[in-house]
Amino acid sequence: MPLEIRELVIKVNIEEHTSRPAGNNLGAKELQALKDKVVRECMEKLISNIENLSVR
């Protein structure tokens, strides 16, 4: 026999903390440097893939 749920109640408590989590103490400059590094690595891989495609 199938079970039908007609109403679902979800309760959530949201607490705001002004301090950062212990493992996330990166400043704006460090965060931007990491983003730049990721973009650079992605671009290098893309260029490598494009060069390999044109060789074939």
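All of the numbers you see were taken from the coordinates with simple rules; none came from a lab. The structure presented is a predicted model; accordingly, all values stated were derived computationally and were not measured. All Cβ positions, even for glycine, are placed from backbone atoms using ideal geometry, and neighbour counts span all protein chains on display.
Compared with the alpha-carbon gap, the fully stretched path from Q32 to E51 is longer by 4.0 nm at 0.36 nm per residue.
Between I10 and C42, the contour length at 0.36 nm per residue exceeds the Cα-Cα span by 7.5 nm. For the peptides 1-10, 37-46, the ranking by mean Cβ contacts within 10 Å, running from highest to lowest, is 37-46, 1-10.
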